[in-house]
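**Student:** Before I ask anything, let me first share the structure, which is written out below as structure tokens.
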Amino acid sequence: MSSYQIKNLEEYYQVYRKSVRDPENFWAEIAEEHFVWRKPWDKVLDWDFSKPEVKWFEGAQLNITENCIDRHLATQADKTAIIFEPNDPKEKAQHISYQQLHEKVCAFSNVLKDQGIKKGDRVCIYLPMIPELAVSILACARIGAIHSVVFAGFSSTAIASRINDCECNMVITSDGSFRGTKKIDLKGIVDEALESTPTIKSVLVVKRTEVPINMKEGRDHWVQPLLDKASMDCPIEIMNAEDPLFILYTSGSTGKPKGMMHTTAGYMVYSAYTFKNVFQYKVGDVYWCTADIGWITGHSYIVYGPLANGATTLMFEGVPNFPDFSRFWEIIEKHKVNQFYTAPTAIRALAKEKLDYVENHDLSSLKVLGTVGEPINEEAWHWYNDNVGKKKSPIVDTWWQTETGGIMISPIPYCTPTIPTYATLPLPGIQPALMDEQGKELKGNQVDGRLCIKFPWPGMARTIWGDHKRYKDTYFTAFENKYFTGDGALRDTVGYYRITGRVDDVIIVSGHNLGTAPIEDAINEHPAVAESAIVGFPHDVKGNALYGYVILKETGESRMHDNLRKEINQIITEHIGPIAKLDKIQFTEGLPKTRSGKIMRRILRKIACNETDSLGDTSTLLNPEVVQEIIDNKL
Ligand code: 6R9
């Protein structure tokens, strides 16, 4: 018998040891006992990190939607699968049962098929947090189409580049979205993107805001009339274990975003197993993750992980401050939420508001609190623990990545004693390693280094879509035979991990990963800009904010500078989205460079963070004199 749900610390250590001693049997037992397979696997694991190539459950056949929906119909057809809480609290919440979800997904699958979508085709989904987002994801999975969800805050340029990268045939979008008091014209943004996406043949449009939009004859279709005509029965497509399930783009430290490709069986087993353990989900619980499904957290812990466990998962369309800052707490009270999973940036924003917002709501249903996306600072951790959890609900600080598919290092609530800012222990099956800069593994405790993983786990991404070499170069070359995460971490005296932050050129702003290169590329498109460099600096709500150093082609008059700042942020918004806007823009005569011409971001970062007394030796720079000029003009 495998311990699908760990119950205490002793059991955790037992299970963990087994998972390291005999990983194949460990995962095979979980897979066999808790999922439906159309054909069993021939081999549990085949791997070679030097290629890198990883295959889990090879030879097995299945469909993830049979596991997330159909198999629950026999026992809990009427149970709520998804609670939908709309942006406007005056609009009624929806409770979608497993039976209804089945009908909706089948109908949507049939519409996709009628539009010519077949197994292996890529479908771009650009939708707000409405039930159709979950339904369309599952419909793709049901017929074997590969979904590529693009977060509905991204710009038309960002959508177009993602569509073109994986050559999608279709976009699923809506007339618009509600965000607090705002209505956003999603279809207009898609229309702009589609001016440069030759592979798109059709667009399905969900009606949400009812704001008039343009519909292009022959290309665009309202989805509702098609759903009304579609059969509510759709057989599953039988998928091989390693068939692609989805692509999700994540920022890199250079150039274009990376289309992380996840496959079917391993991702299913891993997202389901980690959901069950990290949230200690029990039958009847209501679980809420506030992430957007446009990010990996939403894929794994709003849609697949919860549904694979037959859970009730809440989807919230709106924002934490509409109609006011009590919205999250109101929703927890209204739906009696048991597990609540959010991001440090949201906690910090809510902690700034008056405590009445929290205290006026009954939060006694809560059993587990979670955080994800960036390191949580101690102050935010205590605020969350004291005021939301009332010191009774353990906080699970979950470390993981788009690339890992599911949570990797996290406490198991009611088992692992927590310490603020520590993600604590690796989950069963996860073998972390800390490496020094020379590539040597740091053994023992009380060490800090670069965080790697030295053995495969079922949820890991298998490649970067269309660019396996980049996958290898980014993750498997820095340290031989290990997956390199891009994060730094320390291991304390008892073996707990604390993530210290990125060690590459990725900056996490409000939990969103932003690569410096794409932002710099956008800025450099401004006709007045010669060169630019972006660094992060601490921000009390966003965690980090962006500081840009910009060299202008002509120095110009400083009264023009404010206009230029606006224009630069406008370009960034157009190319990437408003999340990548710069908080500070300093115009400078030069940027510190090494003799080989590389910008020394380390120095710029120190200046932006007011740490100028620890700049280190700047004399080896090509142009040491610019450092003082930059310090003197710091904003
Ligand atoms: C799930 C997700 C991944 C990066 C990751 C790390 C940071 C995530 C964290 C954390 C400290 C945590 N990160 N969780 N840092 N503590 N609990 O966020 O995926 O968007 O790909 O970001 O986020 O730097 O490498 P993704």
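The values are calculated or read from the model by the stated rules, or taken from the named source; none is laboratory data. The structure displayed is predicted, hence computed values, not measured ones. Positions of Cβ are backbone-derived with ideal geometry, glycine not excepted, and every protein chain shown enters the neighbour counts. With ligands, DNA and RNA removed, areas are computed over all heavy atoms of the protein, side chains included. Shrake-Rupley method; radii C 1.70, N 1.55, O 1.52, S 1.80 Å.
**Student:** Is one or more of the residues making up the stretch 575-590 of a type in the set (Gly, Ala, Ser) and under 30 Å from Ala160 (Cα atoms)?
**Tutor:** There is at least one residue in the stretch 575-590 that is of a type in the set (Gly, Ala, Ser) and under 30 Å from Ala160 (Cα atoms).
**Student:** Can we say Asn87 is surrounded by 15 or more Cβ atoms within 10 Å (Cβ to Cβ) and modelled with pLDDT of 95 or more?
**Tutor:** yes
**Student:** Can you pull out the residues in the stretch 471-495 that are buried (at least 18 other Cβ atoms within 10 Å of the Cβ) and closer than 27 Å to Met268 by Cα?
**Tutor:** Within the stretch 471-495, Tyr471, Thr474, Tyr475, Phe476, Lys482, Tyr483, Phe484, Thr485, Gly486, Asp487 meet the criteria.
**Student:** Would you confirm, using the coordinates I've provided, whether Ser148 is open to solvent by less than 10 Å² (accessible area, probe 1.4 Å), under 27 Å from Ala31 (Cβ atoms) and either in contact (Cβ under 8 Å) with a residue 12 or more places away in the chain or part of a loop (DSSP other than H, G, I, E, B) (or both)?
**Tutor:** Yes.
**Student:** For the stretch 168-208, which strands (runs of 3 or more DSSP E) that fit wholly inside it have 1 or more residues that are assigned by the TED database to the domain that holds Ser148 and loosely packed, with under 15 Cβ neighbours inside 10 Å?
**Tutor:** Ranges flagged: 182-184.
**Student:** If I filter the stretch 588-598 down to residues being hydroxyl-bearing (Ser, Thr, Tyr) and at pLDDT below 90, which single residue comes out as most open to solvent (accessible area, probe 1.4 Å)?
**Tutor:** Ser596
Conditions tested, residue by residue: (1) over 23 Å from Ala28 (Cβ atoms); (2) surrounded by 22 or more Cβ atoms within 10 Å (Cβ to Cβ).
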position: Leu245; (1), (2): no, yes
position: Gly252; (1), (2): yes, no
position: Val283; (1), (2): yes, no
position: Tyr287; (1), (2): yes, yes
position: His299; (1), (2): yes, yes
position: Ile302; (1), (2): yes, yes
position: Glu333; (1), (2): yes, no
position: Lys336; (1), (2): yes, no
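**Student:** I'm trying to understand the selection: among the residues of the stretch 486-509, which are touching a Pro at 6+ places or on another chain (Cβ under 9 Å) and within 11 Å of the ligand (Cβ to nearest atom)?
**Tutor:** The answer is Ala489, Tyr497, Arg498, Ile499, Thr500, Gly501, Ile508.
**Student:** Out of (1) open to solvent by 10 Å² or more (accessible area, probe 1.4 Å); (2) more than 25 Å from the chain's Cα centre (by Cα), what's the single condition that is false for Ile585?
**Tutor:** (1)
**Student:** Conditions: (1) touching a strand residue (DSSP E or B) at 6+ places or on another chain (Cβ under 8 Å); (2) open to solvent by 10 Å² or more (accessible area, probe 1.4 Å). Asn63 meets all but one. Number of the miss?
**Tutor:** With (1) touching a strand residue (DSSP E or B) at 6+ places or on another chain (Cβ under 8 Å); (2) open to solvent by 10 Å² or more (accessible area, probe 1.4 Å) applied to Asn63, the lone miss is (2).
**Student:** Output the qualifying pairs, or none if there are none: Cβ atoms under 9 angstrom, residues six or more apart or on different chains, first residue in the stretch 264-283 and among the basic types (Lys, Arg), second residue surrounded by 24 or more Cβ atoms within 10 Å (Cβ to Cβ) and assigned to a helix (DSSP H, G or I).
**Tutor:** As it stands, the answer is Lys276/Gly305; Lys276/Ala308, since those pairs meet every condition given.
**Student:** Return the residues of the stretch 356-378 that are within 16 Å of the ligand (Cβ to nearest atom) and open to solvent by 10 Å² or more (accessible area, probe 1.4 Å); say none if nothing qualifies.
**Tutor:** Val372, Gly373, Glu374, Pro375, Asn377, Glu378 - these are the residues of the stretch 356-378 that are within 16 Å of the ligand (Cβ to nearest atom) and open to solvent by 10 Å² or more (accessible area, probe 1.4 Å).
**Student:** If the Cβ limit is 7 Å and pairs must be 6+ apart or interchain, which residue in the stretch 397-411 that is more than 13 Å from Ile453 (Cβ to Cβ) and of a type in the set (Gly, Ala, Ser) pairs with which residue that is within 7 Å of the ligand (Cβ to nearest atom) and open to solvent by 10 Å² or more (accessible area, probe 1.4 Å)?
**Tutor:** Listed pairs, sorted by first residue: Ser410/Asp397; Ser410/Trp399.
**Student:** When you go through (1) in contact with a Leu (Cβ under 9 Å, 6 or more places away or on another chain); (2) open to solvent by 30 Å² or more (accessible area, probe 1.4 Å); (3) within 16 Å of the ligand (Cβ to nearest atom) one by one for Ile576, which number turns out not to apply?
**Tutor:** Of (1) in contact with a Leu (Cβ under 9 Å, 6 or more places away or on another chain); (2) open to solvent by 30 Å² or more (accessible area, probe 1.4 Å); (3) within 16 Å of the ligand (Cβ to nearest atom), only one is false for Ile576: (2).
**Student:** Do any strands (runs of 3 or more DSSP E) entirely within the stretch 236-334 hold 3 or more residues that are over 21 Å from Ser109 (Cα atoms), and if so, which?
**Tutor:** Here the list reads 258-263, 286-289, 312-316.
**Student:** Can Asp521 be described as within 16 Å of the ligand (Cβ to nearest atom) and surrounded by fewer than 19 Cβ atoms within 10 Å (Cβ to Cβ)?
**Tutor:** No; evaluated as a whole, the condition is false for this residue.
**Student:** Let me ask another. Of everything in the stretch 273-302, what is within 10 Å of the ligand (Cβ to nearest atom), under 13 Å from Ile407 (Cα atoms) and aromatic (Phe, Trp, Tyr)? Give them in sequence order.
**Tutor:** The one that is within 10 Å of the ligand (Cβ to nearest atom), under 13 Å from Ile407 (Cα atoms) and aromatic (Phe, Trp, Tyr): Tyr301.
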